[in-house]
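Written below as structure tokens is the structure these notes are about.
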Amino acid sequence: MSCCGSGAGYQQIAPDPLAAGEEVRLASRVVADDVRQTDLSVPSVHCGGCIRTIEKVLGELDGVEQARVNLSTRRVTIRWRADGVPPPFIEALRGAGYEAHLFDIDADEKDSTLSELVRALAVSGFAASNIMLLSVSIWSGAEPETRDLFHWISALIAFPALAYSGRVFFRSAWRALKHGRTAMDVPISLGVLLAFGMSLYETVQRGSHAYFDASISLLFFLLIGRTLDHMMRDRARPAVKGLARLAARGALVVQPGGTQTYLSVSEIQPGMTIMLAAGERVPVDARVTKGISDLDVSLVSGESVPQLASPGSVLRAGTLNLTGPLTIVATAAAGDSFLAEMVRMMEADEQGRSTYRRIADRAAGLYAPVVHLTAFVTLIGWLVVTGDIHRAVTCAIAVLIITCPCALDLAVPMVQVVAARRLFENGIMLRDGGALERLAEIDTVVFDKTGTLTLGNPRLIDTGAVTPQTLAIAAAIASHSRHPYSRALAAAQTLNPPMSFEDISEHPGSGLEARSGASVYRLGRAAWALSCASELPPPSDEASVVLAKDGRQLAEFHFNDRLRADVGEAITRLTSDGFAMEVVSGDREEPVRVLAADLGVPYTARVLPGGKAEHVASLATAGRKVLMVGDGLNDTPALAAAYASMAPASAADIGRNVADLVFLHESLSAVPQAIALARAAGRLVRQNLALAVVYNLVAVPIAVLGNVTPLAAAVAMSGSSIVVVANALRLKGERTAPRTQAAEVSATGVAGPTVLEAAE
Amino acid sequence: MMDYFYLIPIAIGIGLTALAAFMWSLKSGQYDDLDGAAERVLFEESDAPIPPTAWPKRQ
């Protein structure tokens with residue numbers, strides 16, 4: 001298994017296992033009695049060996065019924081028995097060297113429209129090829145009797161194919177007509193149906209020209225375009241639904257009589273007293289009345305350091321209580337709480353963005369009236385000039401056939417499908433073809449800090465001064481806490497602890513205490529862990545803890561939030577490409593200032609979620625087209641408000657659902673790559689549209705003058721479609737060089753833990 | 001001329017068979033993972049795909 005499983009480029013730090021388990025359960029769906037299914041995205045799967053390793057590792061977990069890797073989409077589908085807690089899929093995969101993310105972007109349900117389109121495509125392809133074979137012999141000069149026979153056979157094949165495959169167009173054309181509008185599907189349906197009708201008439205009259213082949217191959221080419229286009233359309237965004245997952249579903253409320261009842265969130269009223277255990281999310285906006293704890297607010301405010309909650313602190317709905325139980329009093333009902341407010345902001349923003357019309361739709365809007373008018377003018381013209389109704393109708397139908405927008409229909413989706421494929425090869429998922437068009441136009445990039453420029457989880461740094469034994473002691477104690485620093489310490493463990501501990505207890509807001517024999521070990525804030533004040537180190541930054549034995553300091557540990565890989569390169573490249581950039585963060589001034597100064601980018605700190613969206617909106621009113629890159633719940637309104645948006649796969653579920661693009665790998669170079677590719681795709685789309693227009697400029701006069709034979713129509717249509725497809729295939733993605741483990745280590749600047757993980 | 005009476009039905013029949021085969025392979029999920037199928041041919045274990053189900057609403 002040497003070729004795979006190193007996973008060096010993809011590693012990230014474990015999310016809180018408890019919260020992850022809860023998220024796994026909520027993101028799964030029931031497929032049978034007591035069987036649930038979960039889809040995970042595993043970007044580093046790339047060979048047969050990986051398939052086997054992953055299926056074996058997952059299959060051995062307790063409760064897993066079946067696991068299957070999809071190598072094409074880099075996903076794993078797992079069926080598991082739902083009677084207990086979800087098996088630790090993500091942890092097991094990480095143990096095997098694969099980074100996995102929960103993913104349900106388009107796995108919501110089997111796409112029925114797509115399979116209908118593919119079936120229609122297969123039927124029309126079958127019919128087109130058979131009719132074309134018969135037509136070739138007619139064009140080569142078949143005897144009149146043979147020709148008539150072949151026309152009849154063609155009609156027999158064409159009719160059911162038309163009825164089956166044409167429905168896609170007929171239905172939407174009918175809908176458009178019913179609402180008194182004209183859309184691209186109206187001339188298509190008219191052209192196909194009239195061509196078939198006229199050919200049938202010619203066949204009955206033993207005429208020499210029948211257009212069955214044109215009618216059906218038109219349908220075939222158009223269906224290719226339609227199928228590709230459908231693949232690139234945005235799926236319904238379950239973004240707002242996803243928010244509900246972060247909300248607690250209920251809480252233990254203390255009734256006036258002193259009894260405790262579990263109420264659902266919607267029943268909680270301001271003034272109620274709630275018991276909040278460690279590991280639970282805050283159900284509604286509230287104030288602390290009793291207890292001390294640490295709160296993980298990173299999803300809500302973007303602040304990386306856990307906040308101390310003590311009596312009097314104000315809590316926002318959705319934050320996670322990490323260490324100690326709290327008694328809180330609700331200050332708002334669920335409908336007025338922070339999460340509900342976010343939902344409202346996002347709904348408003350998404351409405352704003354839906355005004356964007358895609359290039360293909362704009363082209364189609366211009367195209368349909370022009371085609372109708374040309375065909376109509378041809379009909380009238382021939383009637384006036386010759387007075388021959390048959391001749392006039394034939395020419396008008398020929399115009400409809402020849403102008404049928406095959407090339408136009410393929411021009412945009414073909415490029416977008418190729419672009420999506422190239423992006424996927426670089427670990428970027430595209431949600432919507434229209435996003436590619438918007439991404440090509442942006443001129444300003446706004447970054448979030450926590451989780452976007454950095455990885456959002458603290459890492460242990462400067463372990464050089466600490467002996468492995470001391471580190472092992474600290475890690476052994478830390479493994480009993482859910483505090484992010486504790487988890488970072490536990491992850492850095494290299495040796496087994498030299499002693500065993502009893503009575504490990506957590507003192508919320510202060511740290512952990514453990515006994516080993518007669519000694520008392522404390523791991524936590526210096527002021528609490530050290531007994532005599534003289535030993536107190538000079539007040540350093542917040543990001544450190546102390547390990548003390550009987551009040552004497554053994555070691556001090558420092559943490560920082562590690563930068564995402566290639567941040568510097570990405571920023572340099574964006575600068576040289578002339579993009580304006582900003583960092584907008586909800587975190588404290590100091591860490592944001594340091595980071596922004598390092599990168600040479602202007603910054604704004606301590607921004608509330610609504611403030612981020614407003615900032616993006618004000619840039620938009622100033623005429624800027626903003627790309628928002630962010631991951632937190634607090635970035636979500638800004639992601640929705642921005643002209644285009646990107647999120648890392650490690651983002652909050654909701655952020656992934658709102659963002660136009662999701663990058664799966666750790667490296668931030670995905671941002672300039674995606675922009676470059678979007679611009680290249682934009683150029684190809686314009687070329688393709690120009691090709692389609694040129695084709696029409698040449699072909700339409702010939703059709704209007706009545707010189708289009710079935711042979712000419714077939715050649716012109718296929719030729720233009722093939723040219724457009726070939727042009728789209730020219731789009732090249734840039735290959736990212738595979739990152740070596742050595743490069744990974746030096747890029748992060750952290751020796752110990754990184755080497756460990758890379759070696760796994 | 002008489003040749004047409006059996007040659008053309010045979011040709012169309014072959015075409016229809018291919019169409020039916022494609023529809024079947026599509027329905028049984030054989031196009032869901034083309035890259036994976038190419039690798040799985042090397043393994044001896046049973047590797048039946050996860051049977052498609054009606055996808056009920058998420059709970």
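The values are calculated or read from the model by the stated rules, or taken from the named source; none is laboratory data. As the structure is a prediction and not an experimental result, all values here were calculated from the model. Here the Cβ positions follow ideal geometry from the backbone for every residue, glycine too, while neighbour counts run over all protein chains shown.
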Filter segment A:71-95 for residues that are within 26 Å of B:GLN30 (Cβ to Cβ) and among the β-branched types (Val, Ile, Thr); which is surrounded by the fewest Cβ atoms within 10 Å (Cβ to Cβ)?
-> A:THR77
Odd one out for A:CYS47, checked against (1) touching a Gly at 6+ places or on another chain (Cβ under 6 Å); (2) modelled with pLDDT of 80 or more | (1)
Surrounded by fewer than 21 Cβ atoms within 10 Å (Cβ to Cβ), in a helix (DSSP H, G or I), hydrophobic (A, V, I, L, M, F, W, C) and touching a residue at least 12 places away in the same chain (Cβ under 8 Å) - does that describe any residue in segment A:26-34?
-> yes
Subset tally (residues that are crowded, with 18+ Cβ neighbours inside 10 Å and facing chain B (nearest Cβ under 9 Å)) for segment A:47-66 = 5
Those residues that are polar (S, T, N, Q) and part of a helix (DSSP H, G or I), I need them from segment B:1-29; list them, please.
-> B:THR17, B:SER25
Does segment A:395-402 include one or more residues that are at pLDDT below 85, within 19 Å of A:ILE722 (Cα to Cα) and touching a helix residue (DSSP H, G or I) at 6+ places or on another chain (Cβ under 8 Å)?
-> yes
Boolean, A:SER531 is modelled with pLDDT under 80 and either part of a loop (DSSP other than H, G, I, E, B) or surrounded by 18 or more Cβ atoms within 10 Å (Cβ to Cβ) (or both) | yes
Quickly run through segment A:698-713 and pick out the residues that are closer than 18 Å to A:GLU202 by Cα and buried (at least 21 other Cβ atoms within 10 Å of the Cβ).
-> A:VAL708, A:PRO710, A:ALA713
Could you check how many residues of segment A:57-103 are out of contact with any His (no Cβ under 9 Å at 6 or more places or on another chain) and on the phi > 0 side of the Ramachandran plot?
-> 2
Candidates A:ARG431, A:ARG459, A:ARG487 - the one that is basic (Lys, Arg), under 30 Å from A:VAL415 (Cβ atoms) and in contact (Cβ under 8 Å) with a residue 40 or more places away in the chain | A:ARG431
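Can you find, within segment A:153-164, the residue that is nearest to the other protein chains (Cβ to nearest Cβ) among those that are in contact with a Ser or Thr (Cβ under 9 Å, 6 or more places away or on another chain) and aliphatic (A, V, I, L, M)?
Result: A:ALA161.
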Determine the pairs where a residue that is within 11 Å of another protein chain (Cβ to nearest Cβ), located within segment B:1-15, has a partner that is among the polar types (S, T, N, Q) and part of a helix (DSSP H, G or I) with Cβ atoms under 6 Å apart, the partner being 6 or more residues away or on another chain.
-> B:GLY15/A:ASN130
So which residues in segment A:74-91 are facing chain B (nearest Cβ under 7 Å) and within 15 Å of B:ARG40 (Cβ to Cβ)?
-> A:THR77
Restricting attention to segment A:93-126, which residues are facing another protein chain (nearest Cβ under 9 Å) and modelled with pLDDT of 85 or more?
-> A:VAL118, A:ARG119, A:ALA122, A:VAL123, A:GLY125, A:PHE126
Scanning segment A:307-326 for residues that are of a type in the set (S, T, N, Q) and in contact (Cβ under 8 Å) with a residue 60 or more places away in the chain gives A:SER310, A:THR323
May I ask you to list the residues in segment A:130-152 that are more than 13 Å from chain B (Cβ to nearest Cβ) and in contact with a Lys or Arg (Cβ under 6 Å, 6 or more places away or on another chain)?
-> A:ILE138
Restricting segment B:25-39 to residues that are more than 7 Å from chain A (Cβ to nearest Cβ) and either among the basic types (Lys, Arg) or under 13 Å from the mean Cα position of the chain (by Cα) (or both), the residue that is farthest from A:GLY49 (Cα to Cα) | B:LYS27
